[in-house]
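The values are calculated or read from the model by the stated rules, or taken from the named source; none is laboratory data. On a predicted model such as this, the values are computed, not experimentally measured, just so you know. All Cβ positions, glycine included, derive from the backbone under ideal geometry; neighbour counts span all protein chains shown.
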Amino acid sequence: MKTRNAIIRDIANSMRSQEVIDKLSRTFSVLGDPTRTRLIFAMSKAELCVAELSELLGMSHSAISHQMRALKDLDLVRCRKEGRKAFYRLNDEHIENLFEEGLKHVLEP
């Protein structure tokens, strides 16, 4: 059995850099906004353009674009241009998994 000092040493050795911890904290902060959570939910179902997201959430195009910028800045979503339209989707399955696990947690009785 490991000593308490060995456990603490192992944790200290596995601790991530301050830069990584800061980015993770910013990610959770960005996801903590109800509007952005709704956007993540919508994009977990399909790639959508700003007009579609605007209609779904009942918000202006500029409000959606502002929220999408915050998600994009942290690499949570990616954008694909098609003509004048920008289509958004979750950047990778890690984001979808994070969202789904959080959803499972809050839906548990």
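Annotations
- Residue within segment 39-54 that is among the basic types (Lys, Arg) and touching a helix residue (DSSP H, G or I) at 6+ places or on another chain (Cβ under 9 Å) present: no
Here's the yes/no breakdown for (1) within 20 Å of residue 102 (Cα to Cα); (2) surrounded by 12 or more Cβ atoms within 10 Å (Cβ to Cβ); (3) at pLDDT below 95:
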{"position": "36", "(1), (2), (3)": "yes, yes, no"}
{"position": "39", "(1), (2), (3)": "yes, yes, no"}
{"position": "59", "(1), (2), (3)": "no, yes, no"}
{"position": "83", "(1), (2), (3)": "no, no, yes"}
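- Only one of 72, 23 that is in a helix (DSSP H, G or I), surrounded by 11 or more Cβ atoms within 10 Å (Cβ to Cβ) and in contact (Cβ under 8 Å) with a residue 40 or more places away in the chain: 23
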